[in-house]
Amino acid sequence: MNGTSSEIEIRTLKRDIAQVYNRVNQEFYATGVRSQRVEICDDRVIIFAKHKRVTAFKALSKNFWELTTYADAALIVEFKIKLKKIVEDVTGMKVISVLKDYDPDSEDAVCVVIFEENII
């Protein structure tokens, strides 16, 4: 594989993963992400995203912080399961783990997809 085709494949992989991440986000939260950046390092894809907080969660978080924290955590678990399956289907590569964290105050999230083998 020459350098140019390798660069094109990496760009395509980044685009595909960004689209999958946004699609899963739309499925779970009925809204896409505001912005995202995808980076690849060895066997990992790292997705940095700026989310749109669900309005109902914003309203509840003032007086029911614990409830929204638990709901966020439960949704993240389900999101990771769905993302792992679709990323495997789209890329044809085995995913070992998906890690995700989200800050409701800044609406920033980071997601790390760890593959069985190096990507680059």
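Read-outs: derived from the displayed coordinates by stated rules, not from any lab. From a predicted model like this one, the values you see are computed outputs, not experimental measurements. Note that we place each Cβ from the backbone using ideal geometry, even for glycine, and neighbour counts take in every protein chain shown.
Observations, loosely collected:
- For region 16-78, applying the loop criterion from DSSP together with a ceiling of 14 other beta carbons within 10 Å to the trypsin sites (Lys or Arg not before Pro) yields Arg34, Lys52.
- Working note: Karplus 6.51/-1.76/1.60 with θ = phi - 60° gives region 6-19 the couplings 5, 5, 5, 4, 5, 4, 5, 4, 4, 4, 4, 5, 4, 5 Hz, where Gly and Pro are set to x.
- Considering only Val24, Val87, Val98, and ranking their Cα positions along the charge dipole of the chain that arises from unit charges at the beta-carbon of Lys, Arg, Asp and Glu, the one farthest toward the positive end is Val24.
- Rg/Rh for the chain stands at 1.02; both radii use Cα atoms, and Rh follows the Kirkwood definition.
- Counted charge near Thr31, where neighbours are those whose Cβ lies closer than 10 Å (Asp, Glu -1; Lys, Arg +1): +3
- Karplus-based coupling profile of region 39-53, in residue order and whole Hz: 10, 10, 9, 6, 9, 10, 10, 10, 10, 9, 9, 10, 9, 10, 5, with θ = phi - 60° in 6.51 cos²θ - 1.76 cosθ + 1.60 and x standing for Gly or Pro.
- Förster-model FRET efficiency, 35 Å R0, Val110 and Ala59, C-beta, rounded to 0.05: 0.85
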